[in-house]
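The values are calculated or read from the model by the stated rules, or taken from the named source; none is laboratory data. From a predicted model like this one, the values you see are computed outputs, not experimental measurements. Positions of Cβ are backbone-derived with ideal geometry, glycine not excepted, and every protein chain shown enters the neighbour counts. Each accessible area value is taken on the protein alone, full model and side chains, heavy atoms only, with ligands, DNA and RNA left out. Shrake-Rupley method; radii C 1.70, N 1.55, O 1.52, S 1.80 Å.
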Amino acid sequence: MMPRPVQMCLVLLLLALVPVSCAALPLVINTWPFKKATEQAWRVLQAGGSALDAVEQGCGQCEKDQCDGSVGYGGNPDETGETTLDAMIMNGDTMEVGAVGDLRRIKDAISVARAVMEHSKHTFLVGESASVFAENMGFTAEDLTTNTSLNIYKKWLNANCQPNYRQSVSPDPSNACGPYKPSARLQQTAGDQHINIHTHDTIGMIVINQKGHVTAGTSTNGARHKIPGRVGDSPVAGAGAYADSTAGGAAATGDGDVMMRFLPRFSDL
């Protein structure tokens, strides 16, 4: 029996609202038609692996495949041309969470997130320090830039850094590159928004094993041309995903800068 990948965009994976009998388990569901990721998680379960193993390897498959250019290395570059990664994993039995944001030089973001959960008493590590932690845990440091991400960056520079995420700065970010300095705050209009499915995304995955243990995982390289240091909703528990084995699991993808303000995945459950 093979899993059926489920495509979701700005739609919740609401397992808490769907009655799931033991006969329907195990279950693997994720955002977007990332079939290889779904199948990898399913294989792990069929081989006797845990729900945590399944969600880690499922999201990890997407990182290797560079799903949609928005997951893994060589994807959406930031304003400096660098690709950085965000990821989170959550154990719905213990409510433990491991997460990394703005991870540099390390391809295996979801596995580093699990290492944070299992080899530290922290929940969330970010930036260069997260990368150092990963290297100390035995992960290989390597350049995450590819010809694809470099070309995306060059085209952006040649287009006067359009689009970007700056506002109320000088020079005018709508037609010029930085460096920027603060200016009078202006009211942003709906037309200023440029988030779309082609410049950001995430794999969000929920796994429920045969015993009903729920886990959640996410991995992304974030919004294209983001300001360096930006971390979106994906690695934030309750925003990008959430798991509670007594209730269910939820994950979604969308405008992370908005979604993290409301912790919608926690509210779903």
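Can you pull out every residue in segment 230-249 that is assigned to a strand (DSSP E or B), touching a Ser or Thr at 6+ places or on another chain (Cβ under 9 Å) and open to solvent by less than 10 Å² (accessible area, probe 1.4 Å)?
The answer is ALA241, ALA243, GLY249.
In segment 253-269, which residue that is over 18 Å from LEU85 (Cα atoms) and touching a strand residue (DSSP E or B) at 6+ places or on another chain (Cβ under 7 Å) is surrounded by the fewest Cβ atoms within 10 Å (Cβ to Cβ)?
Only one residue fits best here, namely PHE266.
Among the residues of segment 86-96, write down those that are open to solvent by 20 Å² or more (accessible area, probe 1.4 Å) and of a type in the set (Val, Ile, Thr).
Passing the criteria: only THR94.
Does segment 19-37 contain at least one residue that is in a loop (DSSP other than H, G, I, E, B), surrounded by fewer than 24 Cβ atoms within 10 Å (Cβ to Cβ), of a type in the set (Gly, Ala, Ser) and at pLDDT below 95?
Checked against the condition, which is being in a loop (DSSP other than H, G, I, E, B), surrounded by fewer than 24 Cβ atoms within 10 Å (Cβ to Cβ), of a type in the set (Gly, Ala, Ser) and at pLDDT below 95, segment 19-37 yields at least one hit.
Taking segment 100-143 only, how many residues are of a type in the set (D, E, K, R) and surrounded by 13 or more Cβ atoms within 10 Å (Cβ to Cβ)? Let's see the steps before the verdict.
Just the residues of segment 100-143 that are of a type in the set (D, E, K, R), to begin with: 102, 104-105, 107-108, 114, 118, 121, 128, 135, 142-143.
Checking which are surrounded by 13 or more Cβ atoms within 10 Å (Cβ to Cβ) leaves us with 102, 104-105, 107-108, 114, 118, 135.
Residues in segment 100-143 being of a type in the set (D, E, K, R) and surrounded by 13 or more Cβ atoms within 10 Å (Cβ to Cβ): 8 in total.
Please identify the pairs in which a residue from segment 252-269 that is at pLDDT 85 or above has its Cβ atom under 8 Å from the Cβ atom of a residue that is open to solvent by less than 30 Å² (accessible area, probe 1.4 Å) and acidic (Asp, Glu), counting only partners at least 6 apart or on another chain.
THR253/ASP201; GLY254/ASP233; GLY256/ASP233; ASP257/ASP233; MET259/ASP233; MET260/ASP233
Enumerate the pairs (first residue in segment 146-163 and β-branched (Val, Ile, Thr); second residue anywhere and modelled with pLDDT of 95 or more and part of a loop (DSSP other than H, G, I, E, B)) with beta-carbon separation below 6 Å, excluding pairs fewer than 6 apart on the same chain, so at least 6 apart or on different chains.
Sorted first by the residue in segment 146-163, then by its partner, the pairs are THR146/GLY74; THR148/GLY74; ILE152/PRO77.
Taking into account only those residues within segment 165-193 that are open to solvent by 50 Å² or more (accessible area, probe 1.4 Å) and under 17 Å from ALA223 (Cβ atoms), which is modelled with the lowest pLDDT?
Looking at the filtered set, the residue picked out is ASP192.
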